[in-house]
Structure formats: structure tokens, C-alpha cells
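Enquirer: Below: one structure in C-alpha cells.
The values are calculated or read from the model by the stated rules, or taken from the named source; none is laboratory data. Treat the numbers as computed from the prediction; the structure is a model and nothing was measured. Heads up, the Cβs are rebuilt from the backbone with ideal geometry, glycines too, and the neighbour counts pull from every protein chain shown. The protein model used for the area step is the full one, side chains on, heavy atoms only, and it has no ligands, DNA or RNA in it. Shrake-Rupley method; radii C 1.70, N 1.55, O 1.52, S 1.80 Å.
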Amino acid sequence: MNVDVNAIFQIAGIGIIIAMIHTVLKQMGKEDMAHWVTVIGFVVVLFMVVSLLDTLFKEIKTIFLFQ
């Protein structure tokens with residue numbers, strides 16, 4: 001099974017960008033908008049992780065069922 005290092009870097013990059021946007025919006029006085037940006041970033045990363053977990057479980061299924 002290949003370890004997809006690109007996915008880890010994508011998740012880290014999204015986290016850094018979201019943190020910067022959150023900081024800028026918070027300093028501009030738009031705390032509620034900053035929180036929404038953080039929630040949206042979390043949801044995007046959550047979907048990425050779910051798709052990676054789906055791939056992992058399919059790989060485990062093929063290994064143990066010998067398909």
C-alpha cells in the first residue's frame with residue numbers, strides 16, 4: 001500500500017491557510033466570519049480524511065478477503 005504523502009501536505013497546507021485567514025479576519029473585527037472560515041476548513045479536511053479512510057478500509061478488505 002502506498003502512503004500518500006501529498007495528502008498529508010495538502011491537509012497541513014489547508015490548516016496553515018485557514019489559520020492565517022482566521023487571524024486576519026479576527027484582527028479586522030470579524031470574529032463570526034473567522035469562525036465560519038475555520039468551520040468550513042474543518043469540514044473540507046474532514047471530507048479528505050474520510051475519503052482516505054475509505055481507501056484504507058477497501059485496501060484492508062482486499063488484503064484479508066484475498067481478492
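Enquirer: With all distinct Cα pairs included, what does the Kirkwood hydrodynamic radius of the chain come out to in Å, to one decimal, could you say?
Expert: Answer for the chain: a Kirkwood hydrodynamic radius of 13.8 Å.
Enquirer: Cα centroid distance between the range 43-62 and the range 1-42, in Å?
Expert: Cα centroid to Cα centroid, the span is 20 Å.
Enquirer: Taking the Cβ of L65 as the centre, find all other residues whose Cβ is under 15 Å away and add up their charges (Lys, Arg: +1; Asp, Glu: -1).
Expert: +1
Enquirer: Still on this structure, I have one more. For the chain, what does the accessible surface come to per residue with a 1.4 Å probe? Please give it in Å².
Expert: Per residue, the chain has 84 Å² of solvent-accessible surface.
Enquirer: Could you give the size of the charge dipole of the chain about its Cα centre, using +1 on the Cβ of each K and R and -1 on the Cβ of each D and E, expressed in debye and rounded to the nearest 20?
Expert: 20
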